[in-house]
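Each remark here refers to the structure printed beneath this line.
Derivation of every value follows stated rules applied to the coordinates shown; laboratory data play no part. Note that the coordinates shown come from a computational prediction; the quantities given were computed from them, not determined experimentally. We place every Cβ from the backbone using ideal geometry, glycine too, and count neighbours over all the protein chains shown.
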Amino acid sequence: MPELPEVQTVVTTLRPLIVGRVIAGVNLLRTDIVRPGGVDLPSRLLGRRIRAVDRRGKRILITLDDRGRFYVHLGMTGQLTVESPEAAVRPHTHLVLEFGESACLRFRDPRRFGGVFWIGADSDAATGLGPEPLDLKPSDLATRLAKTRRAVKNALLDQRVVAGLGNIYVDEALFEARVHPLALACELTPEEVRRLNSAIKKVLRRAIRHRGSTLRDYMDAEGAAGEAQKLHRVYGSEGKPCRSCGSPVQRIVLGGRSTHFCPSCQMRARVRRAKRRLSGRAPGP
DNA sequence: GTCCATGTTCTTTA
DNA sequence: CTAAAGAACATGGA
């Protein structure tokens, strides 16, 4: 579930609940969710006060009062919630931080694609990540896309290109920008890159305003589901009429992932030129 | 039983 | 050698 809007929503709901609190107990129920493998997480957390909660890409970064840091990655099914210690511990809960009588922080993740990553005080929390899409300038995006011959959809899913997009919001952004997912990243026109840059921000901001998309597992730190799934235009809408032109939304598999788009609104530039020729209309400027 | 799933990383191929 | 495609990871729901 967790792409940038979901992770941002977890961070903003989590922050006021845990910043300033002292970790009075650590219960690590599965050690293999901690990375790197050898780190003794409980001893690094016990007795520490939480100083900050931030987001970088899809990483939830937690800073302690001794400058030690770790991040939680939610993978596909991860949840990070603040609950009463009295509340039943659900299956697949892997880590619990106790703050006292009133609250505890629980990390659960059935598929275990996520994890808890200790990074210490000095190493870079953003290693392997490209820039934040909400700060991205069209020229930055253009430079990055120009470096690869992959399909633009695959390039945008690569966290080293831009950090935070996933399968849902890439499809939504490409639709908003009217760019075909199979278009080669390095062959987009400057105008298409500009539209794509704006579309990414628009789609992400709108999803954040609606507290992220809940399709199945996603919830914020208070256990609340998001509403942004109601705004999806193409994701999960195979066969439904395009909101813009009415053509059926198509689903293809790209890089092993479902990819949804409108074949009429998101025509590849080359195909669009050919169709104009066939229909005898004058070519555009 | 089958297929599918909001992600990342390791392996194989070109 | 590098870039890109594919497989693998683990669990649950339709």
>> Just to be sure I follow the definition: excluding the sites themselves, where is the longest run in chain A that has none of the GluC sites (Glu not before Pro) in a DSSP loop with at most 16 other Cβ atoms within 10 Å?
In response: A:102-221
>> Within 10 Å of each candidate Cβ there may be at most 11 other Cβ atoms; applying that plus a DSSP loop requirement, which trypsin sites (Lys or Arg not before Pro) in the range A:30-81 survive?
In response: A:Arg67
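Shape of the range A:4-118 from its Cα gyration tensor (a ≥ b ≥ c, root eigenvalues): rounded if a/c is under 1.5, otherwise prolate when a/b > b/c, or oblate? List each step's numbers first, then the result.
On the way: a/c = 1.12, a/b = 1.08, b/c = 1.04.
Rounded is the answer for the range A:4-118, as its axis ratio a/c remains below 1.5.
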>> Taking 51 Å as R0, compute the FRET efficiency from the Cβ-Cβ separation of A:Glu86 and A:Arg149 and round it to 0.05.
In response: 0.35
> Spin-label point model (7 Å from Cα, Cβ direction): what's the A:Gln159 to A:Glu187 distance in nm?
Replying inline: 3.0 nm
> Simple spin-label model, 7 Å along Cα-to-Cβ: A:Arg270 to A:Arg209 in nm?
Replying inline: 3.8 nm
> How would you rank A:Lys230, A:Lys153, going from fewest to most other Cβ atoms within 10 Å of each one's own Cβ?
Replying inline: A:Lys230, A:Lys153
>> Can you compute the FRET efficiency between A:Glu227 and A:Ser198 using 1/(1 + (r/R0)^6), with r the Cβ-Cβ distance and R0 = 30 Å? Round to the nearest 0.05.
In response: 0.85
>> Restricting to Cα pairs below 8 Å that are 6+ residues apart, what does the relative contact order work out to for the range A:133-279? Please round to a whole percent.
In response: 22 percent
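Take the alpha carbon gyration tensor of the range A:95-137, find the square roots of its eigenvalues, order them as a ≥ b ≥ c, and report rounded if a/c is under 1.5; if not, report prolate when a/b exceeds b/c, else oblate.
Values: a/c = 2.11, a/b = 1.90, b/c = 1.11.
Prolate shape, in that a/c is at least 1.5 and a/b is the bigger ratio.
Just from its helices, what would the mean residue ellipticity at 222 nm be for chain A, if runs of 4 or more DSSP H residues each count -39500 (n - 2.57) and the sum is divided by every residue, rounded to the nearest 500 deg cm²/dmol?
Values: 7 runs with 75 residues, N = 285.
When only DSSP H runs of four or more count, the value is -8000 deg cm²/dmol.
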> With a ≥ b ≥ c the root eigenvalues of the C-alpha gyration tensor of chain A, is it rounded (a/c under 1.5), prolate (a/b larger than b/c) or oblate?
Replying inline: prolate
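If I stretch the segment between A:Leu278 and A:Asp122 completely, what's the gain in nm (0.36 nm per residue apart, minus their alpha carbon distance), one decimal? Write down the numbers at each step before the final one.
Values: separation 156, 0.36 × 156 = 56.16 nm, distance 6.06 nm.
Full extension from A:Leu278 to A:Asp122 adds 50.1 nm.
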>> If I model a spin label at A:Arg112 and A:Ala24 as a point 7 Å from the Cα along the Cα→Cβ vector, what separation in nanometres do I get?
In response: 3.1 nm
